[in-house]
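Novice: Dropping the structure in here first, questions after.
The values are calculated or read from the model by the stated rules, or taken from the named source; none is laboratory data. Keep in mind that what you see is a predicted model, and the values were worked out from it rather than measured. Here the Cβ is made from the backbone with ideal geometry for all residues, glycine too, and neighbour counts use every protein chain on show.
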Amino acid sequence: MENKFDQLSQEIATFLNRYARFAKRYGLNLNELRFLYYLAQHGQVAPGEIGNHWSLAKQTVTSLFNKFRRQGLVEATIDPHDARRRLLTLTAAGQDFLKPLLADLAAAETSASQTVGDARFDEVLTGLAALSAALGDNLD
């Protein structure tokens, strides 16, 4: 009999694979999608915020920034409150690149959540958060 955590891990892997396949349609990998999506959702952010949110290593965030800066999709400015910090933001070209991607993603996610229903979706979120907290209590 398979361990329920093994089943959960498989479902999470499948879930993330769906996003990876979606990203590939736009010439991106999953980390690239996450990086650009976070910038689109949050505007001007420090690189560490992206890394912390998606559990990406500092080197990965730096590499993604450099790639998208060379492509003209992302730029960095000095934080006016702390000259030691850079803030990343999408350029106009980056925003244009992401418009159809974000529209397609929103449509797919809306359709999926409607198929499952709000109540069931909320149950999944609540249950997963509780399971994660309980696991953290036992592993941390």
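Novice: Could you run through region 46-60 and say how many residues are without any contact (Cβ under 8 Å) to a residue 24 or more places away in the chain and either in a helix (DSSP H, G or I) or on the phi > 0 side of the Ramachandran plot (or both)?
Specialist: Residues meeting the conditions: 9.
Novice: Further question: Is one or more of the residues making up region 33-45 assigned to a helix (DSSP H, G or I), more than 17 Å from ALA57 (Cα to Cα) and free of Cβ contacts under 8 Å to residues at least 40 places away in the same chain?
Specialist: yes
Novice: Okay, moving on. What tally of residues in region 104-140 results from selecting those that are within 24 Å of PHE22 (Cα to Cα), in a helix (DSSP H, G or I) and of a type in the set (Gly, Ala, Ser)?
Specialist: 6
Novice: Just wondering, is there one or more residues in region 73-82 that are under 18 Å from the mean Cα position of the chain (by Cα) and among the small types (Gly, Ala, Ser)?
Specialist: no
Novice: If the requirement is being of a type in the set (Gly, Ala, Ser), surrounded by fewer than 17 Cβ atoms within 10 Å (Cβ to Cβ) and modelled with pLDDT of 95 or more, which of these qualifies: ALA106, ALA83?
Specialist: Residue meeting the stated conditions: ALA106.
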